[in-house]
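The values are calculated or read from the model by the stated rules, or taken from the named source; none is laboratory data. Since we're looking at a predicted model, the values are computed, not measured. For neighbour counting, all protein chains shown are included, and Cβ atoms are generated from backbone atoms with ideal geometry for every residue, glycine included. Ligands, DNA and RNA are stripped out before the accessible areas are found, and what is left, the full protein with its side chains, is counted by its heavy atoms. Shrake-Rupley method; radii C 1.70, N 1.55, O 1.52, S 1.80 Å.
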Amino acid sequence: MDTLIQYQDILENILIKYTKLPYRYGDITTSLIISQDKNQFLLIDEGWEKGLRVHGCLFHGQIIDDKIWIHYDGIEDSITEELVAMGIPKEKIVLAFYPPEVRVHTGYAIA
């Protein structure tokens, strides 16, 4: 299987799982947004809790040059670890939320 398609499928399958988890409180929905070319992935929460509007990004990932760039990972147990468990090598994952000089110490790809 082509690496790009494999990465797209793995990301989509992991993120869909989070859209099905119910919230314990509030009327909040988690949605998965995937770009038309299937290279941008956003997981967002939206709804109401105690009369307050909830709207925010839980995860933002992007496939760039045969690597998965994690721009934001707000999932408690980290989607990054799930990607590794699904067989994606650490050298194919960029933790883009760290500056390049810090990435060298993460054990993941620098860029």
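In the range 16-29, which residues are of a type outside the set (A, V, I, L, M, F, W, C) and in a strand (DSSP E or B)? Steps first, please.
Pass one, the range 16-29, residues of a type outside the set (A, V, I, L, M, F, W, C): 17-20, 22-27, 29.
Selection gives ASP27, THR29.
Mind listing just one residue for me: the one in the range 72-93 that is among the hydrophobic types (A, V, I, L, M, F, W, C) and assigned to a loop (DSSP other than H, G, I, E, B) and, of those, most open to solvent (accessible area, probe 1.4 Å)?
This residue is MET86.
For every residue, the table says whether it meets (1) at pLDDT 95 or above; (2) under 14 Å from the mean Cα position of the chain (by Cα); (3) more than 30 Å from ASP27 (Cα to Cα); (4) not acidic (Asp, Glu).
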site	(1), (2), (3), (4)
ILE63	yes, yes, yes, yes
TRP69	yes, yes, yes, yes
GLU76	no, yes, no, no
LEU83	yes, yes, no, yes
PRO89	yes, no, yes, yes
PRO99	yes, no, yes, yes
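So, of the residues in the range 94-109 that are outside any loop (DSSP other than H, G, I, E, B) and closer than 13 Å to TRP69 by Cβ, which turns out to be most open to solvent (accessible area, probe 1.4 Å)? Give the derivation first.
Going through the range 94-109, the residues outside any loop (DSSP other than H, G, I, E, B) turn out to be 94-95, 100-103, 109.
Narrowing further to those that are closer than 13 Å to TRP69 by Cβ: 94-95, 100, 103, 109.
Values: VAL94: 0, LEU95: 14, PRO100: 75, ARG103: 22, ALA109: 10 Å².
If we take residues in the range 94-109 being outside any loop (DSSP other than H, G, I, E, B) and closer than 13 Å to TRP69 by Cβ, then PRO100 is most open to solvent (accessible area, probe 1.4 Å).
Which of the residues belonging to the range 4-29 are touching a Lys or Arg at 6+ places or on another chain (Cβ under 9 Å), open to solvent by less than 70 Å² (accessible area, probe 1.4 Å) and over 15 Å from GLY61 (Cβ atoms)?
GLY26
For residues that are open to solvent by 40 Å² or more (accessible area, probe 1.4 Å), at negative phi and part of a loop (DSSP other than H, G, I, E, B), tally how many sit in the range 30-66.
So the answer is 2.
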